[in-house]
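To keep things clear, I will list the structure first and then write my remarks on it.
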Amino acid sequence: MFDFQCEILRMTDLRAEALSKAKEAIRNLQKQISDRLFKMADKVDGLLEHLSPKEVVHFLYAGCEMDVAEASTYLKVGKTLKGSEDLLREARIQFPVLKALAAADDETRGEAISRIAAGATSGSGTCPPFAPIFETARKLS
């Protein structure tokens with residue numbers, strides 16, 4: 001009986017270790033995705049030095065095969081989220097939340113960003129701090 005209990009504990013430890021490693025890897029990948037979203041937004045913002053916003057969207061659509069709505073989101077990010085990039089990167093913000101934040105009105109966006117700064121997470125659409133943001137995201141999709 002003792003060997004059986006030891007085996008169960010060993011399996012539990014292996015499972016916990018696997019979950020811990022997976023969690024760390026996934027969170028790292030989420031951070032990389034978030035970082036790349038902002039790098040793309042920076043590149044798109046740089047295009048504004050040479051092109052009008054309408055031309056940027058057209059270029060991204062025709063030249064980069066980017067969806068028009070996605071291209072428009074990257075244009076908005078440069079204007080609406082300046083100064084919040086590092087915070088949002090650390091929070092591992094993903095594209096649907098980035099899109100909703102960029103499209104939200106100033107008051108809603110400010111409230112959401114201040115809650116993120118206070119430690120709120122965006123992992124759930126039912127999370128009260130982000131309800132208006134996710135509502136906007138649903139409307140835009």
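Couple of notes before you dig in:
- Qualifying helices (runs of 4 or more DSSP H) (wholly inside the stretch 23-130; at least 2 residues being open to solvent by 80 Å² or more (accessible area, probe 1.4 Å)): 53-64, 68-80, 85-90, 106-117
- Tally, over the stretch 87-111, of residues that are of a type outside the set (S, T, N, Q) and within 12 Å of the chain's Cα centre (by Cα): 15
- Of the residues examined, GLU55 is not one that is acidic (Asp, Glu) and either under 21 Å from GLY110 (Cβ atoms) or under 15 Å from the mean Cα position of the chain (by Cα) (or both).
- For the stretch 3-13, the count of residues that are open to solvent by less than 70 Å² (accessible area, probe 1.4 Å) and at pLDDT below 95 is nonzero.
The values are calculated or read from the model by the stated rules, or taken from the named source; none is laboratory data. What you see is a predicted model, and the numbers here were worked out from it, not measured in a lab. Every residue, glycine among them, receives a Cβ derived from its backbone with ideal geometry; neighbour counts consider all protein chains shown. In case anyone asks, the SASA skips ligands and DNA or RNA and just uses the protein heavy atoms, side chains included. Shrake-Rupley method; radii C 1.70, N 1.55, O 1.52, S 1.80 Å.
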